[in-house]
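See below for the structure under consideration.
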Amino acid sequence: MRIYADNAATTKMSRTAIDAMVSVMEEEFGNPSSLYEIGQNAREILEKAREDVAVVIGAEPREIIFTSGGSEADNQAIRSAGALGKRKGKKHIISTAFEHHAILHTLKRMEEEGFEVTLLDVHENGLITPEEVEAAIREDTCLVTIMYANNEIGTIQPIPEIGAICKKHGVLFHTDAVQAMAHLPINVKEQNIDMLSCSAHKFHGPKGTGFLYARKGIPLRNLIEGGAQERGLRAGTENVAGIVGLAAALKEATDGMEEKMAHVAAMRDRLIAGLKQIPHSALNGDETRRLPGNVNFCFEGIEGESLLLLLDDRGICASSGSACTSGSLDPSHVLLAIGRVHDVAHGSLRLSLGEDITEEEVDYIIKNVGEVVEYLRGFSPVWRDLMSGKTEFIL
Ligand SMILES: *Cc1c(COP(=O)(O)O)cnc(C)c1O
């Protein structure tokens, strides 16, 4: 059996998206800026993709800017709000301690450039409250940026409520919706979202393509100097095939989304219930306010990395902490933010399920995780100390 359960890292491209891209690459190679017909055809295809994307999130086409992915969109949103704030003498930004590194590292840079950043603490359940955001807003706050759903533990923030508070105080509100898109219903107007980032490869589209939604009237800053593509906000000849692939994947993923996600959530709950049976384990993040496909556990006394490798031998692709930090010995900043101590955070496992997951596959995962955890504990010195009472169990 081979089960891909790392959909939060990336997804397999959909056949529909591949076919859409191939047809563009084979037949529509024109440059959208060229005035002759094949150029104009490419332009039309590009603008149709923009309309298709805008419809899904309740935006207008001109509010969508195509980027190279979620990271670029996050960078551009923060940089734009920062530039605007600076002009008004507002140099304070609010975010949370467990954002994606595309946000956290950009904010670090902003601090070096004289901005002040407040990172809100996340509760043990992986959530923050709108009241906490409101309490952190100051006269000089120019931006609140809070992720829609967390990429490691899947917790879903109260986005519409936070947006309403930002609106009330006249502060721009950006959300990294990379994990939420095509999994949760998103409507930027109804949910009070000023800016939103998105990435195609998290919903069966191509890597290297994403978009930034920015409400009409928000002056954006370009990150790349050059031509006037994307209304001067993103220079460089457009990745027409990638953009078409993004639009096709988004449309496909959001058609009948509710039904698909109900199935995924049922499989998630089955998996959670099964893994809970493993002694000295704990679910990370709120049990219900989490992405339909996200399961994240800590198992005391073991190393997440070893767990991953042994699961890979048994045909299960999963992740420990975030894919971007594996390779480093630091435990996930997300797990530390929800209060897991280092040792416990090291023994984490994230399983992110896709739409086609079956009950048999879930049961196979439960059985194999149970066996591998027991096996690893068998020769773990940490586990021996716990069992002998030399150290105390935390979970
Ligand atoms: C994957 C991811 C990103 C980065 O998107 P890329 O398209 O890979 O740059 C940003 N934020 C979150 C929450 C993500 O999961």
Inset, instruction - Give the residue from 40, 315, 381 lying farthest towards the positive end of the charge dipole for the chain; charges sit on Cβ (+1 for Lys and Arg, -1 for Asp and Glu) and the dipole is referred to the Cα centre. - result: 40
Legend entry - Candidate lysines - alpha carbon under 28 Å from residue 251, same-chain residues fewer than 8 apart omitted: 12, 48, 189, 202, 207, 216, 260
Legend entry - the chain - percent relative contact order, Cα under 8 Å, separation 6 or more: 22
Legend entry - Dipole axis of segment 15-254 (+1 Lys, Arg; -1 Asp, Glu on Cβ), positive-most option in 196, 249, 222: 222
Legend entry - Spatial separation of Cα centroids for segment 246-295 and segment 137-214, in angstrom: 19
Inset, instruction - Check cross-link reach from residue 167 to the aspartates and glutamates: straight Cα distance under 19 Å, and skip same-chain residues fewer than eight apart. - result: 63, 131, 132, 134, 139, 140, 176, 190, 194
Legend entry - Whole-number percent relative contact order across segment 256-388, with pairs defined as alpha carbons under 8 Å at least 6 apart: 33
Inset, instruction - Work out the charge dipole of the chain with +1 on the Cβ of Lys and Arg and -1 on the Cβ of Asp and Glu about the Cα centre, then indicate which of 285, 235, 348 is farthest towards its positive end. - result: 235
Inset, instruction - Could you work out how far helix 70-87 tilts from the main Cα principal axis of the chain, as a 0 to 90 degree angle to the nearest 10? - result: 60
Inset, instruction - Springs between alpha-carbon atoms under 10 Å, Gaussian network over the chain: tell me which of 152, 111, 252 tops the mean-square fluctuations. - result: 111
Inset, instruction - Per DSSP H run of at least 4 residues, take -39500 (n - 2.57); add these up for the chain, divide by its residues and hand me the 222 nm value, nearest 500 deg cm²/dmol. - result: -13000 deg cm²/dmol
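Given the C-alpha atoms of the chain, compute the convex hull and give its volume per residue in Å³. Present the calculation step by step, with values, prior to reporting the outcome.
Details: hull volume 54.8 nm³, N = 395.
Looking at the chain, the number lands at 139 Å³ per residue.
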Inset, instruction - Let me have the relative contact order for segment 44-126, percent, based on Cα pairs under 8 Å that are six or more residues apart. - result: 24
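Which value, in debye to the nearest 20, gives the size of the charge dipole of the chain about its Cα centre, when Lys and Arg are +1 and Asp and Glu are -1 at the Cβ? Don't jump to the answer; show the numbers that get you there.
Working: 40 positive and 58 negative charges, 187 e Å.
Using only the charged Cβ atoms, the result is roughly 900 debye.
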Legend entry - Low-density loop cleavage sites - GluC sites (Glu not before Pro) in segment 304-395, where at most 13 other Cβ are within 10 Å (DSSP): 392
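No value in this document is a laboratory result; all are computed from the given coordinates. Everything numeric in this text was worked out from a predicted model, so none of it was measured. All Cβ positions, even for glycine, are placed from backbone atoms using ideal geometry, and neighbour counts span all protein chains on display.
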